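The structure under discussion appears below in the form of structure tokens.
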Amino acid sequence: MTKRAQGRDTSALSVMHEPPLTEAALVERIALGEHTRQQFKRTFHNPDALAAELAAFANSGGGTLLIGVDDDGRIAGLDAPELRRLNQMLSNASSQHVRPPIHPLTENVKTEAGLVMVVTVPNGLAKPYLDHQGRIWVKQGADKRHVTAREELQRMFQRAGLVLADVVPVAGTTSADLDEPAFRRYLDKHYAVDTTQAGLALDALLQNLGLGDGLELNLSGLMLFGRNPLRWCPAFVIKAVAFPGTRITDTRYLDSQDISGTLPQQYTEALAFIKRNLHRVQGDPRPASWKCPKSPCRSCWSTHWCTATTSPARPSASSCSPTASTSSARATYPTACASMTSATARPTAATPR
């Protein structure tokens, strides 16, 4: 059983093992009013409206829908025929009007005014969930809203693993924006393949290595081998500042540098910036040594600077061959961290060299 299936089953079982909801407990819950995790509805006549509520809960951590309760919290109740109709609508809405399907759980609570259907929607494990029209809904306070902003949509797809930042095409780029000599040196070093004699076009090589789509470079290709990445990605720079103390609000600084270029260039220059702003201690009788050992410093900076899990450190030639016909392989350099728009080097309690 997959982890996803296990997560769904665990969530379902935890709800099923809870004791039945009594009228008194229901009244207490209703007294809390509507909020992000709880919504009141008198009834539903349209499966699309019900699907939108289900999708909003699944996209926002889950929640409970109380059907048979007015917006003001008064229990209106449902009769038996109405309950059967809503059960059928819920089944259709959750399986046919939401993609991927949602698996809500229901419980009927008997009250003096009639039955109340308690629909529990678990937190979705396959976000984002879309309604029948392809719209994405999320909760906003006690209400819901339609997600339209491109940046928010991109973040949702990235969190779901459906879109990876490093393989997003950079609009307007071509293989002509590549530093081809540096790219050829990389191929010779890691694969020992004469790509010129193999007869493969540069665009095909980039696509096989996951650095482009055959037309445009993606973010990895541009940031690893681009001739001028700053032209296309002006936010991908490191702004490094060394302060004399530990307060970032200090108006004084010892050194500053804007570091741009490809990721290997940024890594080298940023590490050099850190090194030159780490003060040395004089050993006796040994020569001067770094106060902070170089190896841990380099390891710490590497971990902070890149996303090591987005690319294998050294894929096998069979899985990432530049002459292979597959485009699922990735580049072997560490890929760009999507949040790496700036970094500040601050030697704690440091003095100049």
Those residues of the range 138-192 which are within 30 Å of G62 (Cβ to Cβ) and among the basic types (K, R), in sequence order
K139, K144, R145, R150, R155, R159
Inside the range 217-236, the number of residues satisfying the requirement of being under 11 Å from Q265 (Cβ atoms), touching a residue at least 60 places away in the same chain (Cβ under 8 Å) and not aliphatic (A, V, I, L, M) is 0
For the range 153-163, indicate whether the set of residues that are touching a Pro at 6+ places or on another chain (Cβ under 6 Å), in contact (Cβ under 8 Å) with a residue 60 or more places away in the chain and surrounded by 22 or more Cβ atoms within 10 Å (Cβ to Cβ) is non-empty.
no
Could you identify the single residue in A126, A142 that is hydrophobic (A, V, I, L, M, F, W, C), out of contact with any strand residue (DSSP E or B) (no Cβ under 8 Å at 6 or more places or on another chain), modelled with pLDDT of 85 or more and not assigned by TED's automatic domain parsing to the domain that holds M223?
A126
Being in contact with a Gly (Cβ under 6 Å, 6 or more places away or on another chain) and part of a helix (DSSP H, G or I) is the filter; apply it to the range 30-58 and report the residue that is nearest to L115 (Cα to Cα).
I30
Just one of (1) outside any helix (DSSP H, G or I); (2) over 29 Å from the mean Cα position of the chain (by Cα); (3) surrounded by 14 or more Cβ atoms within 10 Å (Cβ to Cβ) trips up T251, so point out which.
(3)
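The values are calculated or read from the model by the stated rules, or taken from the named source; none is laboratory data. Everything numeric here is computed off the predicted structure, so don't read it as measured data. Positions of Cβ are backbone-derived with ideal geometry, glycine not excepted, and every protein chain shown enters the neighbour counts.
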